[in-house]
Every structure is written in structure tokens, then in C-alpha cells.
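The values are calculated or read from the model by the stated rules, or taken from the named source; none is laboratory data. Just so we're clear, the structure is a prediction, and the values are computed from it rather than from any experiment. Cβ atoms come from the backbone with ideal geometry, glycine included; neighbour counts cover every protein chain shown. Areas reflect the complete protein model, heavy atoms only, side chains present, ligands, DNA and RNA absent. Shrake-Rupley method; radii C 1.70, N 1.55, O 1.52, S 1.80 Å.
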Amino acid sequence: MRKTLYIIGLSTFVFSCTSQQNVKKNTYKPKTPVSQAKPVAKTPVAETPKPKITNDHGVEFFTTNIGDAAKNDNTISYGSIVSAKPVGYKVVKTYFPSVAQNFRQRYLILHYTALNDERSVTALTQQGVSAHYLVNNTGDNEIYQLVDENKRSYHAGVSAWRNDKNLNDNSIGIEIVNTGYTTDASGKRTFAPFSEEQVKKVAALAKDIAVRYQIPATNVLAHSDIAPTRKQDPGPMFPWKKLYDEYQIGMWYDEAAKQNFLTLAQADFTVRYSDPSFIFLIQTTLQKFGYYLDLSGKWDDATKKTIEAFQYHFRPQNYDGIMDAETWAILQALNQKYPAK
């Protein structure tokens, strides 16, 4: 009996202790109220009013840039605004223009006609080829416009530079009246010079176009640069360095950089000229600069013609199509100065 009472008493004690622990655990504690920050009313930002579209005899123009120049965005229209006219509806310019736009004209390509003045005009206006401008050789101050800058002229043909192909789509073409070249019995080409008056015209025209459309130096090119296996124009007599020095048009290498590369280049050509890995390196460097070229690891015909095109532009004193130390040093100096982005 005593034992039974002892067990009942012990059980009651344990139950009582457990209940007290549970009460302690479940004791209600009022929460301290957390004050929430009141939302701050935003002051509406007033939009900067856009410049107005000008209207001249019913033709609309917008000649102001409100785009982000750092992103190469530009809203200027150098011609009249072209708009759709859907039947039964009205196209309005309530929100014109969007800031996210730039020019289609990204390249400037220079050519020679390989014809005299009269035949150049006929070929470029009555046949299946064209250019936006033709620079004559008549000694006057006229430059012939043949195609609207907003339209595509047929001057580049099958072409490529860096990541772009078919450059008719995004370029402006300038043809220069020049008879091209003659070939002697050994196959060597002799190119005709350009007159001083022509060079001045081309420089003024190219400068105007490059500035208006923000065309970078790397995109002012020869026809032979964008089609090296097919074309030679405007050839080694065209004064690219003069345009660079006197008009800040196009690309040219820095002499000091060329000299820095020249010593190593001379060593390369003494030891490695016929090494396929070295030929592959040169082909890769030409391709990196911009030329479209298959990487064969051989001194094949396409590589020779590409080197020749490069020499027309950047080493006109010798345009035999053979890669030598000086040409190699110039190519490396140009790649250093104008890296592909």
C-alpha cells in the first residue's frame, strides 16, 4: 500500500513539474510594435522637351541629336523623314524620335573607275554598277552625286571586313576617275597617279561623310581591302597617308611602333618563313585586322593577294604580295593601334 502511494505521489510530482515547464515555455510575451517607414512619395521627373520636327513645304526634317553619343546613338536625319502612309490611318510623330537608333552608313569605301571621265559617268549611271559619288578628273570643283546616301548603291559586290559582309548594305561608295593599271611582260602592274585636285576633292568629301555618320577610322577602306582576291582599287598610288596626316581620315600606323616590331620581325623571317605555324600566325593576324581570309597555313594565292591589298594601302613602295619583315611589322603595329572590338 505504501509502495503504491509512493508511486502515485511521485507521478503527481513529475506531472506537476512538467506542467510548470510547459507553462513557462508558452508564457505570452507581448511583441514590441515595429514602426514601418512611410513610403516617400516620388517627385515626378519632368521630361526634357524634345526639339520640334521642322516642316518645309510639307516635308518633315529632324536635325537634332538627342541620342546617347557614348552608345553611338544618333537621331539626326540628314534627309527628309520618310514615313508610311497606310490607307485609312494616320501616322503621327507624337513620340518621335526614339533615342535608340544610329546610322546605317557604317563604312566608306574608295574605288577607282579604270575608265576616263565620260565612260565612268556612263558606266556608273546606265549600267548595273553605281556609287554614291563620282570624283571627276576635269579640274573643276564639282563632285557628281549618283545615288542618295540613304539608298544602297552597287559598288562593293561580294565583300567583307571584320564581322561584316556584303558591305553594299551599310556603306557609302566613292568612285574616283582613274585609268587603273597597265601590266608589263613580266606581269608587274604599273598604276596611274591621281591628280592633286582629285585628292583634295576626295579628302573633303570623305571628311564630310565620316564626320556626319560617325564612321570610325577602321571603316574607311579601299575596295581592295574588302575584296582582296578580286579587286585592286584604288591601288598603291592613292595617298592614304596624306589623307591620314592632313585630313585625319582613315588608318595609319605609328612609325615608332613599327620600329619596335621590326627587329623581331626580321628574326622571324630569317628562321621561320616557310614554317606552316608562322604562315598561320600571319594569316590569323591579317584576319584579326579585318581581311577575310581562310587560314590554310600556306603561302597560297588568296594569301598573296591579301598581302598585296594590304601593301597597296599601307606599304605602297612595294606591293609584290610577298610578306617581308617590314610588312609584318606594319601589320602588327596597326593591330596594336586599332584592335578589333
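A few notes on this one:
- Using the Cβ-Cβ distance between Ser80 and Asn116 with R0 set to 30 Å, the FRET efficiency from 1/(1 + (r/R0)^6) comes to roughly 0.25.
- Counting charges near Ser277 (Lys, Arg +1; Asp, Glu -1) among other residues having Cβ under 15 Å from its Cβ returns a value of 0.
- Added length on full extension, which subtracts the Cα-Cα distance from 0.36 nm per residue, Leu264 to Ala204: 17.7 nm
- Look at the alpha carbon pairs under 8 Å that are at least 6 residues apart: their mean separation over the length of region 141-247 gives a relative contact order of 23 percent.
- Karplus-derived 3J(HN,Hα), 6.51/-1.76/1.60, for each residue of region 51-59, Hz, glycine and proline x: x, 7, 6, 8, 10, 10, 6, x, 9
- Pairs over the 28 Å Cα-Cα cut-off, from the set Lys71/Lys305; Lys151/Lys241; Lys305/Lys337: Lys71/Lys305; Lys151/Lys241.
- Scattering profile of the chain at q = 0.07 Å⁻¹ [log10 I(q)/I(0), Debye over alpha-carbon scatterers]: -0.44
- Counting only DSSP H runs of at least 4 residues, each contributing -39500 (n - 2.57), and dividing by the residue count of the chain, the helix-based mean residue ellipticity at 222 nm comes to -11500 deg cm²/dmol.
- Computed from Cα positions, the angle between helix 2-25 and the longest principal axis of the chain comes to roughly 40 degrees.
- Once the Cα atoms are used to define both axes, helix 325-337 deviates from the longest principal axis of the chain by about 40 degrees.
- Computed from the C-beta positions of Thr284 and Asp169, the FRET efficiency with R₀ = 22 Å rounds to 0.25.
- In the distance distribution for region 283-326, Cα-Cα pairs more than 13 Å apart total 49 percent.
- Treating each Cα of region 204-305 as one equal point scatterer and applying the Debye formula with no solvent, the log10 of I(q)/I(0) at q = 0.10, 0.19, 0.22 Å⁻¹ comes out as -0.38, -1.13, -1.26.
- Of the peptides 321-331, 55-65, the ranking by mean beta-carbon count within 10 Å, highest at the top, reads 321-331, 55-65.
- Proximal charge balance of Lys298 [Cβ under 13 Å; K/R count +1, D/E count -1]: -3
- Note that the chain presents 62 Å² accessible area per residue, ligands and nucleic acids not counted, probe 1.4 Å.
- Estimated FRET transfer efficiency when R0 is 51 angstrom, pair His57-Ala340 (beta carbons, to 0.05): 0.65
- Tilt relative to the chain, helix 255-271 - C-alpha long axis, 0 to 90 degrees, to 10: 80 degrees
- Inter-label distance for Asp275 and Lys304, nm, one decimal - labels placed 7 Å from Cα along Cα-to-Cβ: 2.4 nm
- The label point for Thr183 and the one for Asp245, both projected 7 Å from the Cα toward the Cβ, are 3.3 nm apart.
- Cβ crowding within 10 Å averaged over residues, with 136-148, 109-121, 179-191, 79-91 ranked highest first: 109-121, 136-148, 179-191, 79-91
- Per-residue extension of 0.36 nm, minus the Cα-Cα distance of Thr190 and Ile143, leaves a gain of 14.3 nm for this segment.
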